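Supplied in structure tokens, the structure appears directly below.
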Amino acid sequence: MHTPNKKFAIYQEILQRLLTRRYRFGEKIFVKEIGESTGVSRQPIMTALNSLQERGFVQIIAQVGCQVVQPSSDEVADFYRMFANTEGLIASLAAERGTPMEVARLQELNEQIARINPAHSDASESYRNLNVDFHRLLHAMARSPIVSTRQMANFELSDFFIVQSCGFQAHLPDVTGEHDEIIAALSTRNDKQCKKAAMAHIDSVSRHVIEAMQRLHSEEMAATV
């Protein structure tokens, strides 16, 4: 890995492994293996893993090592309650501060999401990328960079939970309609309705994730009987 900023690059490399399910809930992460596959020394790798621990992706245990987190469905539900409330705040600010041109661009992005063919092998990645673009623009419309920066970190963790449980395609049939509700409220500068629509959108994602986690847990328990 030849780059002027190895710490950032190795952080992104490990994050992508988490977001593509190369590392799964509860799995150990071996520093030696990462070093051998990337050519990066131990110190930048540990710096990256510590940053990922701070963001909720991994857990570093003294004398044991590093492993991917394995949260309960209740813990994930709590996360999404916080996530939804923050997204609702951002959406309400966007309704007050956004421009018609920005609303039109959101509509364009949502139309691109609607055209994704679920049968294509790249459907999940296309949806994830366009959804990130949609919400980045929504956040920019809020004109509140501190809140938006914190929330985008939550989006990465949410994407991680989605990948580890239901997958992005589970929510694809619902997302454009939910985005339309947000866009409609933005168009009329209805901040209360915009907050409600944004929170409902995140709550919908949460249901898919938690139901999948509970189903996977039940299957694992049945397999041990």
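ARG81 fails exactly one of the following numbered conditions: (1) within 19 Å of the chain's Cα centre (by Cα); (2) basic (Lys, Arg); (3) not assigned by TED's automatic domain parsing to the domain that holds PHE168. What is the number of that condition?
If we test ARG81 against (1) within 19 Å of the chain's Cα centre (by Cα); (2) basic (Lys, Arg); (3) not assigned by TED's automatic domain parsing to the domain that holds PHE168, just (3) comes out false.
Within the stretch 39-77, can you find the residues that are farther than 16 Å from ALA153 by Cα and among the acidic types (Asp, Glu)?
Matches in the stretch 39-77: ASP74, GLU75.
Output yes when any residue across the stretch 210-220 is of a type in the set (S, T, N, Q), in contact (Cβ under 8 Å) with a residue 24 or more places away in the chain and crowded, with 18+ Cβ neighbours inside 10 Å, and no when none is.
Within the stretch 210-220 (the criterion being of a type in the set (S, T, N, Q), in contact (Cβ under 8 Å) with a residue 24 or more places away in the chain and crowded, with 18+ Cβ neighbours inside 10 Å), the answer is no, since none of the residues qualifies.
Here is a follow-up. Residues being surrounded by 15 or more Cβ atoms within 10 Å (Cβ to Cβ) and of a type outside the set (Val, Ile, Thr): count how many of those fall in the stretch 67-95.
16
From the residues in the stretch 168-223 that are modelled with pLDDT of 95 or more and outside any helix (DSSP H, G or I), which one is nearest to PHE79 (Cα to Cα)?
This residue is ASN190.
Residues to consider are VAL69, VAL58, VAL31; find the one that is of a type in the set (Val, Ile, Thr) and more than 21 Å from the chain's Cα centre (by Cα).
Going through VAL69, VAL58, VAL31 in turn, just one is of a type in the set (Val, Ile, Thr) and more than 21 Å from the chain's Cα centre (by Cα): VAL31.
Scanning the stretch 84-109 for residues that are part of a helix (DSSP H, G or I) and small (Gly, Ala, Ser), which turns out nearest to the chain's Cα centre (by Cα)?
Only one residue tops the list, namely ALA84.
Right, here's the next one. Taking only pairs six or more apart or across chains, which ones have beta-carbon atoms under 6 Å, a first residue in the stretch 84-100 that is within 19 Å of ARG150 (Cα to Cα), and a second residue that is among the hydroxyl-bearing types (Ser, Thr, Tyr)?
LEU93/SER144
Might you check whether a residue that is among the hydroxyl-bearing types (Ser, Thr, Tyr), outside any helix (DSSP H, G or I) and surrounded by 15 or more Cβ atoms within 10 Å (Cβ to Cβ) occurs anywhere in the stretch 135-152?
Yes; the residues of the stretch 135-152 include at least one that is among the hydroxyl-bearing types (Ser, Thr, Tyr), outside any helix (DSSP H, G or I) and surrounded by 15 or more Cβ atoms within 10 Å (Cβ to Cβ).
Surrounded by fewer than 18 Cβ atoms within 10 Å (Cβ to Cβ) and modelled with pLDDT under 95: does that describe VAL64?
Answer is yes for this residue.
Then there's this: Can you give me the number of residues within the stretch 107-119 that are surrounded by fewer than 15 Cβ atoms within 10 Å (Cβ to Cβ) and either under 18 Å from CYS166 (Cβ atoms) or basic (Lys, Arg) (or both)?
Residues in the stretch 107-119 being surrounded by fewer than 15 Cβ atoms within 10 Å (Cβ to Cβ) and either under 18 Å from CYS166 (Cβ atoms) or basic (Lys, Arg) (or both): 3 in total.
The values are calculated or read from the model by the stated rules, or taken from the named source; none is laboratory data. This one's a predicted model, so the numbers in the text were calculated from it and none came from an experiment. A quick note on method: Cβ atoms are made from the backbone with ideal geometry, for glycine too, and the neighbour counts reach across all protein chains shown.
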